[in-house]
Amino acid sequence: MSLTSFFSGNKTKAQQAVHGELVLSEEDLHDFARGAAFLGTGGGGDPYIGRLMAQNAIREFGHPKIIDVNSLADDATVAFVAMLGAPTVLNEKAASGADIDLAVTRLAERLGRPIDALMPAEIGGVNSTVPIVAAARLGLPLLNADGMGRAFPEIQMVVMNFEGVRATPFVIVDEHLNSVIIETGSAKRAEDFVRSVAINMGLSCIVAGYPMTGAEVKRATVHNTLTEALEIGRAIEAGRRAGDAVGALVRRLSESAIYGHARVLFDGKIVDLRRETTAGFSIGHCKIDGLSAASGSMDIQFQNENLLALENGVLRAIVPDLITIVDRETAEPIPTEALRYGQRVKVIAAAAPKLLKTPQALEFIHPRCFGLDFDFTPIEELTA
């Protein structure tokens with residue numbers, strides 16, 4: 001079935017009573033990608049590559065409409081679209097566009113009904129901009145919301161799953177337009193199968209999944225995160241001009257209705273870094289020594305995203321709270337695949353969105369789900 005039959009003339013459900021519509025200019029994309037990179041906590045892929053992809057799509061197809069979740073009809077059909085794999089590989093194998101089109105088209109075919117709007121799976125790195133590309137190419141609205149308010153490495157780690165939304169059917173497409181459709185009884189089994197297919201596809205593929213209704217989107221996503229990423233990026237840029245980029249970033253996060261608490265945890269230089277691609281993930285840790293002998297050191301563990309921060313062996317922040325490493329002067333967020341020996345950095349932690357700290361959420365994103373031998377302690381308590 002053609003793209004036209006599934007995507008022309010099907011915008012009414014997504015655009016009933018549209019309000020709070022956002023249009024990103026090319027200048028906005030710089031700030032948006034930077035803010036999303038911070039929220040990605042080191043993961044989600046390279047924001048620079050994602051920004052270039054979005055710019056090219058907007059120039060060719062026009063600006064997609066970014067709409068408020070509450071403008072959706074309850075019976076609208078929404079799905080997320082994303083790149084999946086290891087960030088170290090995603091940087092080398094950007095999406096072509098045809099793979100994005102095919103993933104969304106195959107999902108609509110499987111469902112037997114049109115997709116009315118798209119959304120990001122996560123607000124981090126390239127996965128905050130791939131949905132912009134998809135929405136522009138397919139002429140669909142993009143929701144001002146995502147599945148977690150940050151980035152996580154596995155597809156069951158989204159609010160939709162915490163709230164009982166079915167993950168499948170799930171479509172996976174590689175650079176050669178090979179495609180696989182997965183149907184499972186649980187999101188965790190979907191992750192197992194999708195990861196296996198992604199490894200066979202070279203750890204870089206496009207996915208479309210979590211088809212849901214407008215009513216489900218309203219209760220099972222983190223709202224207004226695209227706007228939040230844009231404002232965080234703008235705060236960093238304004239802070240640079242004022243000579244206090246890190247301070248401006250922390251103040252903006254502390255004022256946020258979504259995050260609401262942030263602290264600089266450490267200031268130092270990367271002195272050790274170990275990173276490898278294992279089981280479809282970029283896994284490792286880095287050690288940061290303070291700039292004075294009395295400062296001690298901080299160890300960061302990551303699995304695509306930063307998961308744990310220990311200062312001199314003492315817990316300072318832990319997943320699901322956000323931990324991001326930034327340049328100590330410019331506050332530019334540094335993805336885990338871009339960490340280098342000798343970089344002078346600051347480590348910033350921010351409180352996770354409330355939907356990530358419920359008992360049902362912690363069943364899937366508790367530190368022990370990542371193999372960490374710690375209980376979750378909110379950053380508000382650790383930095384009090």
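Just a few scattered comments:
- Cα shape, the stretch 3-225, gyration tensor, a/c 1.5 rule: rounded
- Helix-only [θ]222 nm of the chain, DSSP H runs n ≥ 4, -39500 (n - 2.57) each, per residue, nearest 500: -9500 deg cm²/dmol
- The fewest-to-most ranking of ILE379, ILE132 by surrounding Cβ atoms within 10 Å reads ILE379, ILE132.
- Least to most buried among TYR341, TYR48, TYR259 (fewest other Cβ within 10 Å first): TYR341, TYR48, TYR259
- Based on the Stokes-Einstein relation at 25 °C and a viscosity of 0.890 mPa s, and on the Kirkwood radius from alpha carbon pairs, the stretch 255-382 is assigned a translational diffusion coefficient of 164 µm²/s.
- Calculated log₁₀ intensity ratio I(q)/I(0) where the Debye formula runs over C-alpha points of the stretch 302-354, q = 0.14, 0.15, 0.27 Å⁻¹: -0.37, -0.42, -1.20
- Rg/Rh, computed from the Cα trace of the stretch 119-194 with Rh as the Kirkwood radius, has the value 0.96.
- The string of couplings for the stretch 293-307 from the Karplus curve (6.51, -1.76, 1.60, θ = phi - 60°) is 4, 7, 7, x, 8, 10, 10, 10, 9, 9, 10, 6, 9, 5, 10 Hz, one whole number per residue in order, with x for Gly and Pro.
- Counting only alpha carbon atoms, the long axis of helix 187-200 and the longest principal axis of the chain meet at about 90°.
- Gaussian network model of the chain, springs between alpha carbon atoms under 10 Å - residue of ASP75, ASP31, ASP321 with greatest fluctuation: ASP75
- By the beta-carbon count within 10 Å of each Cβ, the least crowded to most crowded order of ILE100, ILE58, ILE236, fewest first, is ILE58, ILE236, ILE100.
- For the stretch 3-225, share of DSSP beta bridges that run antiparallel, in % to the nearest 5: 70
- 16 Å Cα cut-off, lysine pairs counted over the chain (separation 8 or more, or different chains): 7
- From phi via Karplus (6.51, -1.76, 1.60), per-residue ³J(HN,Hα) for the stretch 135-142 in Hz, x at Gly/Pro: 5, 5, 5, 9, x, 10, x, 10
- Cα principal axis extents for the chain, largest first, Å: 66, 42, 38
Since every read-out is calculated from the coordinates, none of them should be taken as a lab result. On a predicted model such as this, the values are computed, not experimentally measured, just so you know. As a convention, Cβ positions derive from the backbone with ideal geometry for all residues, glycine included, and neighbour counts pool all protein chains shown.
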